Amino acid sequence: MSETYYHNMHKVLQVQHLTEHTFVVQFERKEMPFIPGQHLVVGKKGDKEFRQYSIYSGLNDPHFEILVREVETGLVTPKLKQLKPGDELEINGPMGYFTVSEQRCLNHPIVMIATGTGIAPFNSWVKSFPDMNYKMIHGVRKAEEAYGIDRYKKDRFVLCTSQEKSGNFNGRVTDYLQKAYFPSNTLFYLCGNSEMIFDAMELLKDKGLNTNQMFAEVYF
Amino acid sequence: MKYHLVVLGCQMNMSDSERVKSVIESMGFTHTDNEDEASLLGVLSCSVRQKPIDKVYNRIHVWNRQKNKRNIITFVSGCVLPDDREKFLKLFDFVFPMSELGEFPQMLREYGVASPLSLSQDRESTHNVEDVLSEVETKSKKQSLLNPLTKYSASKPVLPNNKDIFQLWNVKPQYQSEFEAYVPIQNGCDKFCSFCAVPYTRGREVSRPSAEIIDEVVQLMKNGYKSITLLGQNVNSYGLDRDEELSFAELLTEIGKAGDSLQNPSWVYFTSPHPRDMSRDVIEAIAKYPVLAKQIHLPLQSGDDKVLIKMNRKHNLDRYRESVADIRELIPQATLFTDIIVGFTGETEEQFMNTLQCFDEFQYNMAYIAMYSPRPGAQSYRWEDDIPQATKKDRLKRLSEKLEEISAAYNHRLLGKELQVLIRSTERKTGFLSGHTEGKLVTRIKSKDQSLIGKFVKVKITESADLSIAGELVTVLKDKRIPVSAD
Ligand SMILES: Cc1cc2nc3c(=O)[nH]c(=O)nc-3n(C[C@H](O)[C@H](O)[C@H](O)COP(=O)(O)OP(=O)(O)OC[C@H]3O[C@@H](n4cnc5c(N)ncnc54)[C@H](O)[C@@H]3O)c2cc1C
Ligand code: SF4
């Protein structure tokens with residue numbers, strides 16, 4: 001990390017609504033360095049509520065992006081959903097340890113497991129390191145929630161849809177994991193809601209894999 | 001003119017208060033314990049629980065009522081959540097983060113208080129605020145003070161910015177004790193445990209320059225301080241925020257060497273470390289240097305991997321186990337302390353039992369066990385607090401009993417041994433003095449000799465209890481250490 005502490009107002013450049021409740025906020029990066037997988041603490045300028053969001057954009061992108069799912073009863077996401085270009089965000093960070101080193105990528109097969117917007121940090125990894133050897137398993141309810149699906153190589157990406165039969169796999173992420181085979185030196189990165197993460201870890205443990213091979217970022 | 005300071009919360013606030021006092025006293029104010037005779041009234045706030053926050057509101061309402069009758073100025077600093085800050089701004093004359101302490105005299109001057117005399121009719125003080133400012137301001141801050149209004153403008157970010165914290169560390173503290181001192185080495189936290197609001201109140205992790213820390217520690221050792229605690233929210237992340245800074249292990253090594261050259265006059269502790277950054281080289285340094293006290297506080301919080309994930313603790317049980325194994329291998333005589341939260345959102349009986357089993361496995365000497373309560377500002381505050389209070393109480397009780405059982409067995413093994421003890425105070429029960437061993441085990445001795453307070457003594461252990469030991473005074477050590485014996 002550098003000796004500079006970032007704590008700034010950043011202008012919103014664009015808000016792209018992907019589904020009724022999910023959107024991407026693009027805002028100024030101001031040349032902030034970060035490590036893919038890290039997150040920012042984000043709040044509307046002058047607001048007192050802040051939340052953490054994984055950086056969705058890649059290392060070489062000139063701007064920042066976050067992928068947000070609106071929690072209708074939430075304090076922050078409904079406000080973020082209303083953002084317009086030119087509005088200002090208070091940004092603190094980047095921070096976090098949900099990162100992957102080159103060494104790990106070279107020596108181990110990498111499996112990324114996400115539900116919903118939990119795909120955000122993985123998107124940043126894949127965009128930043130296009131040659132990365134990975135397999136991504138994304139669990140959503142409907143295919144419309146397969147955010148940014150074209151960015152991932154088809155043979156590396158498994159879309160698990162739990163409420164319709166439009167994905168590569170019909171069922172939950174955990175159903176897929178139950179059936180899948182993984183080499184014993186695989187590293188697993190899990191991101192999203194804690195229930196999925198716990199269930200997935202249990203399943204992987206049952207397959208003889210060790211918790212030391214598993215890394216998690218819990219959103220709630 | 002007098003000032004009164006209310007210090008709430010943790011050791012970090014205690015340590016900060018030593019610097020706050022320095023700044024205020026260098027302006028010509030003198031301290032009073034009686035708030036009715038003070039003209040400058042301040043609080044160092046704590047946002048960890050609701051109780052201290054209630055106390056802040058309580059005090060400020062009392063003080064504001066007195067404003068009709070007498071000339072007083074109020075301020076608040078410390079751990080303040082954005083939400084409370086908004087409210088405090090309407091109630092206090094000054095609300096500032098600790099990192100802006102050095103600017104406090106300037107703030108007062110802008111407010112029309114040129115010196116304590118401006119608050120008083122009587123003219124006994126001779127201090128001049130110009131001298132105060134030159135004493136307190138650092139080279140780097142003088143520039144920004146030229147235009148302070150830019151700093152306090154409406155567009156100021158709500159979350160604390162820690163980059164000015166160096167200013168606070170530049171203030172020479174007024175230590176509250178003559179034998180125990182806290183030395184801040186790091187401030188802020190980047191860990192974002194889901195139950196904790198500190199990252200939102202204290203801001204990002206910032207490390208104090210190692211040269212300053214070593215200087216302060218050496219000075220304290222030379223001045224006869226017996227217990228020195230390196231303080232920070234995350235002490236072992238020390239140096240990670242700066243490219244050219246020592247790591248925590250290297251910092252300990254430098255302090256260890258300084259201790260050697262001064263014949264190890266003190267016990268140097270640190271708190272709180274995070275298990276994620278408890279590397280083997282930190283433990284090796286503690287093992288190698290006698291001045292580094294053989295007591296380790298390693299917060300576990302929960303003994304269940306799933307709860308740890310939900311707490312966003314960034315370590316699992318295996319990682320923790322490795323650190324404890326390193327401690328037991330390299331420093332077998334070390335005592336081990338921990339922090340635990342019982343009844344965290346969703347904690348099942350089975351998950352609690354995993355924590356209980358950890359007590360058997362890790363054999364703690366002391367554990368600070370808290371029942372979970374959602375803390376405003378923390379991520380988990382918005383989660384359902386679904387464990388009934390009665391269940392939390394029951395888990396607290398069972399875990400406390402387990403701790404007492406383990407600690408009692410350990411303490412029993414100390415009977416007959418001679419241990420070095422730092423005498424800290426007189427005991428409530430007359431005729432006893434109280435202190436602690438190098439491993440921070442509470443030790444009582446039968447003596448009325450108050451002159452022993454602040455001294456190292458040798459004690460023969462004759463009694464053991466659940467969480468303490470007692471013994472007879474063997475000899476007073478003349479500011480010299482005896483070789484470390486296992487507690
Ligand atoms: C390290 C980290 C990175 C994160 N990155 C992202 C990200 O990239 N994209 C993203 O959309 N969110 C992310 N989150 C979650 C985010 O920080 C907020 O918790 C979320 O946006 C809800 O905020 P809110 O103020 O609207 O809801 P709040 O007022 O905080 O209410 C949250 C309540 O809604 C429930 N809830 C239901 N669905 C969700 C959900 N999807 N997320 C959180 N709580 C939910 C919670 O259990 C809780 O009771 C991340 C969280 C962490 C800890
Ligand atoms: S490490 Fe966790 S508990 Fe400690 S200050 Fe940081 S967020 Fe709070």
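The values are calculated or read from the model by the stated rules, or taken from the named source; none is laboratory data. These numbers come from a predicted model, not from an experiment. As a convention, Cβ positions derive from the backbone with ideal geometry for all residues, glycine included, and neighbour counts pool all protein chains shown. For the accessible areas, the whole protein counts, side chains as well, though only heavy atoms, and no ligand, DNA or RNA atoms are used. Shrake-Rupley method; radii C 1.70, N 1.55, O 1.52, S 1.80 Å.
Placing one equal scatterer on every Cα of chain A and applying the Debye formula, the log10 ratio I(q)/I(0) at q = 0.08, 0.10 Å⁻¹ is -0.28, -0.44.
Rounded to the nearest 20 debye, the dipole magnitude of the range A:156-220 is 260 debye, with +1 charges on Lys and Arg beta carbons, -1 on Asp and Glu beta carbons, and the Cα centre as origin.
Of the residues B:MET366, A:MET95, ranked by 1.4 Å probe accessible area with the largest first, the sequence reads B:MET366, A:MET95.
When the surface is traced with a 1.4 Å probe over the full set of protein chains, B:LYS2 keeps roughly 70 Å² accessible. The ellipsoid that matches the Cα gyration tensor of the range B:14-114 has semi-axes, each √(5λ) in whole angstrom, of 20, 17, 14, with the longest given first. Which value, in nm² and rounded to one decimal, describes the direction-averaged projected area of the C-alpha convex hull of the range A:139-220? So the Cα hull casts an average projection of 5.6 nm². By DSSP, the beta bridges lying fully in the protein assembly as shown are antiparallel in about 45 percent of cases. Over 5 Å intervals from 0, what percent of Cα-Cα pairs in the range B:371-487 sits in each interval? Spelled out per bin, shortest first, that is 2, 11, 18, 16, 12, 9, 8, 9, 8, 6, 2, 0. Rounded to two decimals, the Cα radius of gyration of the range B:418-476 over 2.2 N^0.38 Å is 0.94.
A:MET9 contributes about 30 Å² of solvent-accessible surface, heavy atoms of the protein only, 1.4 Å probe.
As a ratio to 2.2 N^0.38 Å, the alpha-carbon radius of gyration computed for the range A:86-213 takes the value 1.08.
Keeping all protein chains in place, calculate the accessible area per residue for the protein assembly as shown (probe 1.4 angstrom), answer in Å².
42
Which of the three applies to the range B:247-310, rounded, prolate or oblate, going by the alpha-carbon gyration tensor with a ≥ b ≥ c and a/c under 1.5 meaning rounded? Judged from the Cα gyration tensor, the range B:247-310 comes out prolate (a/c at least 1.5, a/b above b/c). Partners of B:LYS306 within straight-line reach, counting lysines whose Cα lies under 25 Å from its Cα and excluding those fewer than 8 residues away in the same chain: A:LYS135, A:LYS179, A:LYS205, A:LYS207, B:LYS191, B:LYS314, B:LYS392, B:LYS393, B:LYS397, B:LYS402. As a fraction of the 1.4 Å probe accessible area of the range B:418-476, surface on carbon and sulfur atoms comes out at 44 percent.
Each principal axis of the Cα atoms in the range A:6-95 has its own extent, and those three values, largest first, are 33, 27, 23 angstrom. Largest to smallest in accessible area, the residues B:ILE406, A:ILE149 fall in the order A:ILE149, B:ILE406 (1.4 Å probe, all protein chains included). Please report the antiparallel percentage of DSSP beta bridges with both residues in chain B, rounded to the nearest 5. Antiparallel bridges: around 40 percent, rounded to the nearest 5.
How long are the three semi-axes of the equivalent ellipsoid for chain B, computed from the Cα gyration tensor as the root of 5 times each eigenvalue, in whole Å, largest first?
Numbers: eigenvalues 286, 159, 103 Å².
Taking √(5λ) for each Cα gyration eigenvalue gives 38, 28, 23 Å.
Per residue, the convex hull spanned by the Cα atoms of the range A:155-202 amounts to 95 cubic angstrom.
Our analysis of the range B:165-412 gives Rg over Rh at 0.98, with the two radii drawn from alpha carbon positions and Rh computed by the Kirkwood formula. Computed from the Cα positions only, the extents of the protein assembly as shown along the three principal axes stand at 81, 64, 49 Å, in decreasing order.
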